[in-house]
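These notes are about the structure you will find just below.
The values are calculated or read from the model by the stated rules, or taken from the named source; none is laboratory data. Quantities reported herein were computed from a predicted structural model and do not represent experimental measurements. Neighbour counts are summed over all protein chains in view; Cβ atoms, including those assigned to glycine, are modelled from backbone coordinates with ideal geometry. Protein only, heavy atoms only, side chains kept; ligands, DNA and RNA dropped before computing areas. Shrake-Rupley method; radii C 1.70, N 1.55, O 1.52, S 1.80 Å.
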Amino acid sequence: MPNGNKQITSLKLHNGNIIDIFSADTETVLALPYVDNGISAGFPSPALDFVDLSIDLNRHLIKNPSATFYGRVKGDSLKNAGISNGDLLIIDRSLEPTNGKIAVCYIDGEFTAKRIQISKKEILLIPENENYQPIRVTEENNFLIWGIVTHVIKDV
Amino acid sequence: MFALIDCNNFYASCERVFRPDLNGKPVVVLSNNDGCVIARSNEAKAIGIPMGAPAFEYEKFFRQHGVQVFSANFALYGDMSNRVMTILSDYSPEMEIYSIDECFLKLKGFDFFNLQAYGEDMRCKVTKWTGIPISVGIAPTKALAKVANRIAKKYPTETKGTYIIDSEDKRIKALKWLKVEDVWGIGRQHSKRLNAAGVKTAFDFTQLDDDFVKKQMSIVGLRLKLDLQGIPTLDLEEMQIKKNIATTRSFETNYTEYEQLAERISTFASSCAEKLRKQNSCCNSIMVFIHTNGHRKDLQQYSRNIIIKLPYPTNSSIELAKFATQALQKIFKQGYAYKKAGVIVQDFSQADSLQQTLFENRDKRHIPLMQAIDKLNLLFGQQKIRLASQDTKRVWKMKQQKLSPRYTTNLNDIITINL
């Protein structure tokens, strides 16, 4: 058993079968809304049938927690893609770097992010700002694709 | 079959995930207080830095060889370990996390799987998702999985990081390759004795007589021998809740006064109490120890410990600090220079299922008080609320001159991306 589910005891039934009793796995926490409108003899709240789980942004923004990291943006070369100075990036390392994705790359000693264009002969890092030129990655560069940007969180 | 998955040079690898410029360069990580080397990258091993090398002795060597030195960043390593283990737990329903960077998976019912491909898939996924390189060893028993892992780690290109012992030939070849002192669970003392008896390799060890092994190394040694012979005797071990909790420290200078020690003991006791509350336990007995510096042969030596049985189970900082201080009074002797002290709490019971006693001296008001303290300390940082018997000005400070940012656990420390 993985952590948590511990076997407590085995019961022997009269027909010879054995039932193993395990304790419940209580390692994870799932927040459920607490609906308490008391017990009354009157008309129950009609809203009771429509109770939802609360909105959890973690579940929507982070598909793969084990592979997700965060980064802070410095600079404006992706401003037309809606990414500006000070923004928080959510980076998923498990995604494949494909053309057109915004990737966090490590190039010559620092992290950067750009739209990537991969062809047989080269990798292009394309900015989203007229003031910047695409970067052509050659064999001389110390380069690796670190992860794929999935979301931007910004203060407004 | 069992798989043993081990992260390669785990602490050094964690640092490199966020500093890719250090790939291919020697990296070492130091123990708490920057004492000695506890992790080395392959490059650091290659230039001859031994495990446990004292940092101050090697300072010049590090500089000369361009070795990147880090203080241990356990917040980072713990988080990265968690990620690796979570990914690996998808590969089998039965898992034993053996240490921060190692786990066993039981591969029962995987007979028709291509295990080589399965292991390579683990390696590929963990490395891509977390940046941590791993090695996979697969074999019919846990001890042999350990051996297989060693081979995978030693020959990463030939094995693609995954090695399987699945035939008698491979088993014998592997055991003849492995020195007996490198066998999992054979310590230095045993290997010295075995070497003297002409046992050089793991294979030699498996050729020994069962009774001889049992006599020399008890049933534990015999189980290991059978496991190495391919007869499964060791199974996955269940996770256990901690049976004792210790807070011990060496002091930066020698303490000679009772008041100095009492303050430390009081602090250690409340730290233990906090850990107890975290796992919802109370303790029934407490051990306090003090000792002088054993390396200073020029000084008078004294070391003592005492265990006291508590009148009732508790996890209150106030009560544990009180009992611990009483214990200290019993063993403290004037006239010695103390270097180390500690508090160990043991004999636990569940906090919510305590027995009522007729003559109970326990103060029930402590329970909500401790909850309030824990909440405040969580909100405002460690040790903001303390007992008056603790030094209120003192801050817990480890020597961590080369600490890397907590990239994954603190929003202020995440990587900067230059656009």
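Among the listed residues B:210, B:204, which satisfies the condition of being among the acidic types (Asp, Glu), touching a residue at least 24 places away in the same chain (Cβ under 8 Å) and open to solvent by less than 90 Å² (accessible area, probe 1.4 Å)?
Details: B:210 fails: touching a residue at least 24 places away in the same chain (Cβ under 8 Å).
Being among the acidic types (Asp, Glu), touching a residue at least 24 places away in the same chain (Cβ under 8 Å) and open to solvent by less than 90 Å² (accessible area, probe 1.4 Å) holds for just one of B:210, B:204, which is B:204.
Can you confirm whether residue B:340 is over 29 Å from the mean Cα position of the chain (by Cα) and either of a type in the set (A, V, I, L, M, F, W, C) or surrounded by fewer than 20 Cβ atoms within 10 Å (Cβ to Cβ) (or both)?
It is false that residue B:340 is over 29 Å from the mean Cα position of the chain (by Cα) and either of a type in the set (A, V, I, L, M, F, W, C) or surrounded by fewer than 20 Cβ atoms within 10 Å (Cβ to Cβ) (or both).
For residue A:115, indicate whether it is within 12 Å of chain B (Cβ to nearest Cβ), under 24 Å from residue B:413 (Cβ atoms) and open to solvent by 60 Å² or more (accessible area, probe 1.4 Å).
It is false that residue A:115 is within 12 Å of chain B (Cβ to nearest Cβ), under 24 Å from residue B:413 (Cβ atoms) and open to solvent by 60 Å² or more (accessible area, probe 1.4 Å).
Here are some residues: B:196, B:273, B:269. Which one is open to solvent by 60 Å² or more (accessible area, probe 1.4 Å) and either hydrophobic (A, V, I, L, M, F, W, C) or at pLDDT 90 or above (or both)?
B:196
Do the conditions hold for residue A:44, that is, is it part of a loop (DSSP other than H, G, I, E, B) and modelled with pLDDT under 85?
Considered against the rule, which asks whether it is part of a loop (DSSP other than H, G, I, E, B) and modelled with pLDDT under 85, residue A:44 comes out as yes.
Name the residue that is surrounded by the most Cβ atoms within 10 Å (Cβ to Cβ), counting only residues in the stretch B:76-124 that are charged (D, E, K, R) and over 22 Å from residue B:157 (Cα atoms).
Top of the filtered list is B:83.
State all residues of the stretch B:160-171 that are surrounded by 15 or more Cβ atoms within 10 Å (Cβ to Cβ) and in contact (Cβ under 8 Å) with a residue 12 or more places away in the chain; if no residue qualifies, say none.
B:160, B:161, B:162, B:163, B:164, B:165, B:166, B:171
Determine the pairs where a residue that is at pLDDT below 85 and surrounded by 16 or more Cβ atoms within 10 Å (Cβ to Cβ), located within the stretch B:227-242, has a partner that is acidic (Asp, Glu) and part of a loop (DSSP other than H, G, I, E, B) with Cβ atoms under 9 Å apart, the partner being 6 or more residues away or on another chain.
B:236/B:94
Within the stretch B:107-131, work out how many residues are more than 25 Å from residue B:19 (Cα to Cα) and of a type in the set (Lys, Arg).
Number satisfying all stated conditions: 1.
Kindly evaluate residue A:99 against the criterion of being touching a residue at least 40 places away in the same chain (Cβ under 8 Å), over 16 Å from the mean Cα position of the chain (by Cα) and over 28 Å from residue B:409 (Cα atoms).
no
Among the residues of the stretch A:134-156, count how many are open to solvent by 50 Å² or more (accessible area, probe 1.4 Å), under 28 Å from residue A:65 (Cα atoms) and outside any loop (DSSP other than H, G, I, E, B).
6
Quick test of your reading of the structure: residue B:87 fulfils all but one of (1) modelled with pLDDT under 95; (2) within 14 Å of another protein chain (Cβ to nearest Cβ). Name the failing condition by number.
(1)
Within the stretch B:174-193, can you find the residues that are open to solvent by 50 Å² or more (accessible area, probe 1.4 Å) and touching a Phe, Trp or Tyr at 6+ places or on another chain (Cβ under 9 Å)?
B:176, B:177
Which one of these does residue B:38 not meet: (1) touching a strand residue (DSSP E or B) at 6+ places or on another chain (Cβ under 8 Å); (2) open to solvent by 40 Å² or more (accessible area, probe 1.4 Å); (3) within 30 Å of residue A:64 (Cα to Cα)?
Of everything listed in (1) touching a strand residue (DSSP E or B) at 6+ places or on another chain (Cβ under 8 Å); (2) open to solvent by 40 Å² or more (accessible area, probe 1.4 Å); (3) within 30 Å of residue A:64 (Cα to Cα), residue B:38 misses just condition (3).
Within the bounds of the stretch A:64-72, is there any residue that is among the hydroxyl-bearing types (Ser, Thr, Tyr), open to solvent by 20 Å² or more (accessible area, probe 1.4 Å) and more than 8 Å from every other protein chain (Cβ to nearest Cβ)?
no
How many of the residues in the stretch A:91-110 are surrounded by fewer than 18 Cβ atoms within 10 Å (Cβ to Cβ) and either of a type in the set (S, T, N, Q) or in contact with a Phe, Trp or Tyr (Cβ under 9 Å, 6 or more places away or on another chain) (or both)? Write out each step before concluding.
Restricting attention to the stretch A:91-110, the residues satisfying the condition of being surrounded by fewer than 18 Cβ atoms within 10 Å (Cβ to Cβ) are A:94, A:96-101, A:108-110.
Pick out the ones that are also either of a type in the set (S, T, N, Q) or in contact with a Phe, Trp or Tyr (Cβ under 9 Å, 6 or more places away or on another chain) (or both) and you get A:94, A:98-99, A:108.
Of the residues in that region, 4 qualify.
List, please: which pairs have Cβ atoms under 7 Å, are six or more places apart or on different chains, and start with a residue in the stretch B:94-114 that is in contact (Cβ under 8 Å) with a residue 12 or more places away in the chain and end with one that is of a type in the set (Asp, Glu) and crowded, with 16+ Cβ neighbours inside 10 Å?
Within 7 Å, the pairs are B:101/B:6; B:102/B:6; B:103/B:96; B:104/B:96.
Of all residues in the stretch B:311-332, how many are charged (D, E, K, R), over 14 Å from residue B:268 (Cβ atoms) and open to solvent by 20 Å² or more (accessible area, probe 1.4 Å)?
Number satisfying all stated conditions: 1.
Tell me, please, whether a residue that is in contact with a strand residue (DSSP E or B) (Cβ under 7 Å, 6 or more places away or on another chain) and at pLDDT below 95 can be found in the stretch B:182-192.
no
Just for the stretch A:118-156: of the residues that are hydrophobic (A, V, I, L, M, F, W, C) and closer than 15 Å to residue A:78 by Cβ, which one is farthest from the other protein chains (Cβ to nearest Cβ)?
Once the filter is applied, the top-ranked residue is A:124.
Any residue in the stretch B:10-29 that's more than 14 Å from every other protein chain (Cβ to nearest Cβ): show its pairings with residues that are assigned to a helix (DSSP H, G or I) and of a type in the set (Ser, Thr, Tyr) at Cβ separation under 8 Å, as long as the two are six or more apart or on different chains.
From residues that are more than 14 Å from every other protein chain (Cβ to nearest Cβ), the pairs are B:10/B:77; B:10/B:81; B:11/B:77; B:29/B:11.
Going through A:15, A:37, A:5 one at a time, which residue ends up being touching a strand residue (DSSP E or B) at 6+ places or on another chain (Cβ under 8 Å), modelled with pLDDT under 85, assigned to a loop (DSSP other than H, G, I, E, B) and more than 9 Å from every other protein chain (Cβ to nearest Cβ)?
A:5
Got a number for residues in the stretch A:73-90 being open to solvent by less than 10 Å² (accessible area, probe 1.4 Å) and more than 10 Å from chain B (Cβ to nearest Cβ)?
Counting residues in the stretch A:73-90 that are open to solvent by less than 10 Å² (accessible area, probe 1.4 Å) and more than 10 Å from chain B (Cβ to nearest Cβ) gives 1.
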